[in-house]
């Protein structure tokens, strides 16, 4: 005869079926997403450890420009060297640090800004919501490239300028998304229930609304990061991005563009790195979105 | 009906393709940026010059050996004391609106150049003329006292304040070209628009799409032999690599700047021409902005540059330069100037009060957005970091904007080139006098001015060489308001089926004899 303890033991042995565990399990099944996750984590690691991984400096020439200038890829220099006899492999590693940090930091900052703005707008509702969203509409119709140039001309061409410019241009769409999500969740039964038992606003926001919009937010973040990486690359290619001697993949592509037909390796390697990272983040974002969608039953 | 449409479209398509396949007789070349100005009293740069020398001419013109030859003046007399030049203007020259070209047009143009209200940077070009400098500085209000005279409709007389051996070269330069007073006064700043401008050269400015294309057409009323090309298009292309693709797909016939890495690909091809160039590339300081108000700091920065490295990056046959008068001109002094010396650079910087670069304010190096300029700037940035321990910020702007910035608020360090306006050292060294409108260093040195004036008056070649040697020592070794980096070379791509184009050491782009075999 089974004892009560035995039955209880079996109950405790089943895995807890929270949203996050469910999502993680679904994600693990998606092979493409897992590969993309591993790749993005790998690039992040490279970016963090750039100083230790790069065999040469990103800005100092290797030696006599007559000997080391613009070499094709070889065992000693896996990506070759550039016109100022700098090792392209090291420059690409530092480029990873620059591109990833710009992409991730600006995506996170715009997310935080958008979260606060959209959250307030959606939760408070009414006239404030209308006013805030009209402001967002106006900002949204601004050509982003012009806005970036404007911000950079005011703050200067340095790193701070790029971070600020991309953050300011990016928070608008996140604000809209958050506001939509908050409006949706606000009408849910459990929020009504919480209000009816007397929970205060802040408690509702933090305990009910915020966790329920987190899913879409994470997915948005995963898509915004490659967008910002691409935006920074595009700006650097135009000459508006990181100033020399800093190197991002975009500015490396720009340097390599001069020798497109004669030394294609100079533009090939940075470009393929941009491509792979953007692809990986997008595939990961797709996988996360599928995994976090509570309506999908598997 | 539907069935008939396809054959009709194919027919139309094949007709248009047929006309494209035939060789277009328009000569096309690349302009590396939008011309800042086509007003020849105001233009100071080589891009504007490319257009100006084809739509206008002056009294005198250089032949391909850079010897002055009669142009609009059929002959001239020089007085025995060397101070008075009398130019006899041809009587058959017409402006392209039909009006005859007379000495009055020269008088008006030279007056406009010297008029302080015009604020022409090149006003100093005519300072050899009697009372010209006094009039331009505002000390003299009555222009009739300046040494210019219209003797009659076709005789223009110039009186100098002192004889000058190089003076016959001066009227070849575009700022001395004649100008129509009625047109300039009628249209104001828009007088150079294609529908307003009136010219008398081998070509007419028929269209100017800003930042895109300048179109010239043959001038039927040109006084000389009619130009061979019927139409010329100058395509404004900022990116050198784009220009190369256009050249390779036969969309342009002439390029005069090749990206350093592409040079290797073309070096052995028949399209490639390498020619000497009387042009220097230098970095200038603003001697009023700290830390460059201290000559020791300027010297230190110059000692820290290894010019050989810069030249090996550019791979275009450039020549490292420590002095200012270029190779190929008399007065060239390779032994003068500051060479590469890392130890000396550091010790000078320490002597100036900034050991290892500590205590220095933020320093910005400013350059115009050209790919080779960027390479040089990055190299110099890394050299200064390596040998002085200083981090310099790089900034760049498009040519037209860049020139404006140099005039209005000169940055601490900036780059420029200087091509000879005529093949005489006076033209190169005069650039840094206190009265030169083209001197962006803000350096004013009485000793230097005196040396240049003496050299201008001197006719004995050996004495002139000595004077110019002293001037260059002061300019590039002692006070160092600027750092010469290298002398340029011309790297040209020209389609083999183009005849009649001869590069000259001053890169004067004369296109009237260009002929294209189909």
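The values are calculated or read from the model by the stated rules, or taken from the named source; none is laboratory data. Worth saying up front: this structure is predicted, and the values here are computed from it rather than measured. Methodologically, a virtual Cβ is constructed for each residue, glycine included, from the backbone with ideal geometry; neighbour enumeration extends over all protein chains shown.
Which residue pairs have Cβ atoms closer than 7 Å, lie 6 or more positions apart in sequence or on different chains, and pair a first residue in the stretch B:393-410 that is closer than 24 Å to residue B:382 by Cβ and not assigned by TED's automatic domain parsing to the domain that holds residue B:363 with a second residue that is part of a helix (DSSP H, G or I) and modelled with pLDDT of 90 or more?
none
Condition test on residue B:423, is it within 14 Å of chain A (Cβ to nearest Cβ), under 24 Å from the mean Cα position of the chain (by Cα) and crowded, with 19+ Cβ neighbours inside 10 Å?
no
For residue B:334, indicate whether it is away from every other protein chain (no Cβ under 14 Å), touching a strand residue (DSSP E or B) at 6+ places or on another chain (Cβ under 7 Å) and either under 26 Å from residue B:462 (Cα atoms) or touching a residue at least 12 places away in the same chain (Cβ under 8 Å) (or both).
no
If you go through the stretch A:276-297 one residue at a time, do you hit one that is at pLDDT 90 or above, assigned to a helix (DSSP H, G or I), closer than 21 Å to residue A:93 by Cβ and within 14 Å of chain B (Cβ to nearest Cβ)?
There is no residue in the stretch A:276-297 that is at pLDDT 90 or above, assigned to a helix (DSSP H, G or I), closer than 21 Å to residue A:93 by Cβ and within 14 Å of chain B (Cβ to nearest Cβ).
Looking at B:401, B:413, B:392, can you tell me which residue is in contact with a strand residue (DSSP E or B) (Cβ under 8 Å, 6 or more places away or on another chain) and within 13 Å of chain A (Cβ to nearest Cβ)?
Of the residues listed, the single one that is in contact with a strand residue (DSSP E or B) (Cβ under 8 Å, 6 or more places away or on another chain) and within 13 Å of chain A (Cβ to nearest Cβ) is B:392.
Which residue is nearest to residue A:82 (Cα to Cα), if the candidates are limited to the stretch B:245-274 and must be touching a helix residue (DSSP H, G or I) at 6+ places or on another chain (Cβ under 6 Å) and touching a residue at least 60 places away in the same chain (Cβ under 8 Å)?
Filtering first and then ranking leaves B:260.
Tally time: how many residues in the stretch A:151-161 are in contact with a helix residue (DSSP H, G or I) (Cβ under 9 Å, 6 or more places away or on another chain) and either on the phi > 0 side of the Ramachandran plot or more than 14 Å from chain B (Cβ to nearest Cβ) (or both)?
Result for the stretch A:151-161: 2.
Go through the stretch B:133-150 and count every residue that is farther than 18 Å from residue B:58 by Cα and in contact with a strand residue (DSSP E or B) (Cβ under 8 Å, 6 or more places away or on another chain).
2
What number of residues in the stretch B:89-135 are within 24 Å of the chain's Cα centre (by Cα) and either in a loop (DSSP other than H, G, I, E, B) or outside the structural domain of residue B:75 (by TED's automatic domain parsing) (or both)?
8
Listed residues B:85, B:107; which is at pLDDT 95 or above, surrounded by 16 or more Cβ atoms within 10 Å (Cβ to Cβ) and closer than 19 Å to residue B:456 by Cα?
B:85
Inside the stretch B:23-86, counting only strands (runs of 3 or more DSSP E) that do not spill past its ends, which hold 2 or more residues that are under 17 Å from the mean Cα position of the chain (by Cα)?
Filter on the stretch B:23-86 gives B:27-31, B:60-62.
Regarding residue B:369, is this residue farther than 20 Å from residue B:284 by Cα, within 25 Å of the chain's Cα centre (by Cα) and within 14 Å of another protein chain (Cβ to nearest Cβ)?
no
Filter the stretch B:334-367 for residues that are in a loop (DSSP other than H, G, I, E, B) and on the phi > 0 side of the Ramachandran plot; which is surrounded by the fewest Cβ atoms within 10 Å (Cβ to Cβ)?
Only one residue fits best here, namely B:359.
With the stretch A:126-197 as the region, which helices (runs of 4 or more DSSP H) entirely inside it contain at least 1 residues that are over 30 Å from residue A:245 (Cβ atoms)?
Passing ranges, in order: A:126-140, A:159-186, A:189-196.
Test residue B:100 against the criterion of being crowded, with 18+ Cβ neighbours inside 10 Å and modelled with pLDDT of 95 or more, and give yes or no.
No: the conditions fail for residue B:100.
Kindly provide the set of residues from the stretch A:252-265 that are in contact (Cβ under 8 Å) with a residue 40 or more places away in the chain, under 14 Å from residue B:374 (Cβ atoms) and within 11 Å of another protein chain (Cβ to nearest Cβ), ordered by number.
Answer for the stretch A:252-265, where residues must be in contact (Cβ under 8 Å) with a residue 40 or more places away in the chain, under 14 Å from residue B:374 (Cβ atoms) and within 11 Å of another protein chain (Cβ to nearest Cβ): A:255, A:256, A:258, A:259.
Taking residue B:221 as meeting all but one of (1) crowded, with 16+ Cβ neighbours inside 10 Å; (2) touching a strand residue (DSSP E or B) at 6+ places or on another chain (Cβ under 7 Å), write down the number of the exception.
Residue B:221 satisfies every listed condition except (1).
Select from the stretch A:57-86 the residues that are within 14 Å of chain B (Cβ to nearest Cβ) and within 28 Å of the chain's Cα centre (by Cα) and write down the one among them that is surrounded by the fewest Cβ atoms within 10 Å (Cβ to Cβ).
Applying the filter and picking the extreme gives A:57.
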